[in-house]
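Single-structure report; data block below.
The values are calculated or read from the model by the stated rules, or taken from the named source; none is laboratory data. Keep in mind that this is a model prediction, so the values were computed, not measured. Methodologically, a virtual Cβ is constructed for each residue, glycine included, from the backbone with ideal geometry; neighbour enumeration extends over all protein chains shown. To get the accessible areas, we keep the full protein, side chains included, count just its heavy atoms, and leave off ligands, DNA and RNA. Shrake-Rupley method; radii C 1.70, N 1.55, O 1.52, S 1.80 Å.
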Amino acid sequence: MLNSYSTEDKVLLAVDCIIFGFDEGGLKILLIKRDFEPEKGKWSLMGGFLKKEEVLDDAAIRVLNTYTGFNDIYMEQLYTYSEIDRDPVERTISVAYYALINIENHNAELIQNYHAKWFSVSEVPKLIFDHDKMLAHAIRRLRYRTSMKPVGFELLPEKFKMSQLLKLYESILDKEIDKRNFISKINSLDILIKLDEKDMTSSRKGSYLYTFDKEKYDAKLLNDFAINF
C-alpha cells in the first residue's frame, strides 16, 4: 500500500471554458487572443489552472466570472482531454466546460480588457492546441441537449420574439426549421408566457413578445424527452 506520493508523476490540471452566446447574427463563441507563448497572438478558449483549494466546478466558475463578469451561469462539464502532447510546454490535462450566456448582458469592458471577441460558430478561426476539438465536441453536446430539453432562457434577452427563438434553434441545430411546426411544438412545452407587448421594429403590425416561465422551464430541464424539430 502506498504511503507516499513523492515518487508519483505530477501533472497540471487546466479548466477550459467554451462560452456560447446568441444575438441577431446567430450562435456565437467567445474567444480570447493569447498574449503569451506558446501560440502568442492566436485565438484560444477561456481557461485557467485548478488551484489547490478548488474543486473543478469552482475553478470553472472563477474562469467564467473573470471573462464574463457573471456568477450565475448555466454550465456543464463536457469532457476530459488527456493526450500526452496536447500542451507543448508541460504535461497538462484539461477538463472542458461549456457555458451559455446572454450577449446583451455581457460586460463589454471585459472583452476589451482581455482582447476577447465574439465569433460566429461558422466563422471560428484556427484555435490553439486541441481547442478546435473541444469546440466541436461542445457544439455536438449543445445540439444533443437542444433535441432533448428546452433551450433559450440563458441565451435570449428577458423579452423576445418567437422569430428570435426560432433563429436560435436553427443556429444551434444548423438547419432550417418549419415555422408552424416549431411554434406548435414550443407551445406544447408550455414554457412561454405571451406578453401584451409588441416589438414594432420589424413590421407595422408588430410581433408579440414572449418571456420564459422560469418555474416550468426548470421543471422541463429535469425530464428527458425528444423535441425532434
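Answer rounded, prolate or oblate for the stretch 131-194, using the Cα gyration tensor with square roots of eigenvalues a ≥ b ≥ c: rounded when a/c is under 1.5, else prolate when a/b is larger than b/c, else oblate. It is prolate, given that a/c is not under 1.5 and a/b is the larger ratio. For Cα extents along the principal axes in Å, one of (i) 44, 40, 31; (ii) 71, 42, 29; (iii) 70, 52, 30 was computed from the structure I shared and the rest are decoys. Which label? Among (i) 44, 40, 31; (ii) 71, 42, 29; (iii) 70, 52, 30, the one derived from this structure is (ii). Could you tell me whether the stretch 24-159 comes out rounded, prolate or oblate from its Cα gyration tensor? Rule is a ≥ b ≥ c as square roots of the eigenvalues, rounded for a/c under 1.5, then prolate if a/b exceeds b/c, otherwise oblate. It is rounded, given that a/c, with a ≥ b ≥ c, falls under 1.5.
Contact order for the chain, expressed relative to its length and based on alpha carbon pairs under 8 Å spaced 6+ residues apart, stands at 21 percent.
Any lysines with Cα under 25 Å of the LYS52 Cα? List them, leaving off those in the same chain fewer than 8 positions away. By straight Cα distance, LYS52 reaches LYS10. Excluding ligands, DNA and RNA, what is the solvent-accessible area per residue of the chain at a probe of 1.4 Å, expressed in Å²? In whole numbers, the chain has 58 Å² accessible per residue. Based on Cα contacts under 8 Å between residues 6+ apart, the stretch 62-190 shows a relative contact order of 22 percent.
As a quick test, which of the pairs LYS117/LYS198; LYS185/LYS205; LYS161/LYS216; LYS28/LYS126 have an alpha carbon distance above 21 angstrom in this structure? Check vs 21 Å cut-off fails for LYS117/LYS198; LYS185/LYS205.
Of all the options ILE18, ILE73, ILE84, the one that moves most in a Gaussian network model of the chain with Cα springs shorter than 10 angstrom is ILE84. Please give me the summed charge of the neighbours of GLU76: other residues whose Cβ is under 14 Å from its Cβ, Lys and Arg +1, Asp and Glu -1. So the surrounding residues net to +2.
Accessible surface of TRP118, taken over heavy atoms with a 1.4 Å probe and every protein chain present, rounds to 40 Å².
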